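Engineer: Have a look at the structure that comes next, please.
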Amino acid sequence: MRVKRLKHCKKIVNFYKTTFGFRQPFQVLGEDNPHHFFVSTQDKELCDQLKKIPGVPLLYIHYNSLVLEKPSKGTLDRGDQIDSVKTMTSSVEKERLQQLKKLQNVEEEKEPRPKRRKVKGVNPLAMKKKKKKAKDSIPIKDANSIKKRRKKKRKIAAHVLQELKKMKNSSTDIDVVQ
């Protein structure tokens, strides 16, 4: 059964070769895939071989959807090379830049000095507040500035005053009698 299918496939491939100039995938892709073809296959060996060629996107069918594989390492490296070539300045451009700088008297930019970090202090919110110093020295007072304390005279009720006077009088009477 398998041999029969192989013969049938070979006949179909030969038909396409002779009538349409059909070629094998490696012949169509070449070394760098200049026509930017996508390749779709389920064959693992073919996928491994195609991953070696940079710039060949691989498709495969998973259930009922097409899946695009991640770019191979060779493809990523090739992309980085192309980008670096595009962004690099050529020697001719460098010479032109130097001539323009000389004409305009532009000095070359010096590398900026790294900024010094300031020494940071203590967090003021975490600090305990300082107490104000009490005045230790007692000021010298003048004779004029010294104030005398006055004793408050308390009013004594009238009936209590009479009793006190009676007691004084009676104590003096006793003293006299003795």
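Bear in mind that the values in this text are calculations on the coordinates, not laboratory data. Treat the numbers as computed from the prediction; the structure is a model and nothing was measured. We place every Cβ from the backbone using ideal geometry, glycine too, and count neighbours over all the protein chains shown.
Engineer: Of Cys9, Cys47, how do they rank once you tally other Cβ atoms within 10 Å and put the fewest first?
Structural biologist: Neighbour counts put them in this order, fewest first: Cys9, Cys47.
Engineer: Counting other C-beta atoms within 10 Å, and keeping those with at most 15, which DSSP coil GluC sites (Glu not before Pro) do you find in region 1-107?
Structural biologist: Hits after loop and neighbour filter: Glu31, Glu69, Glu107.
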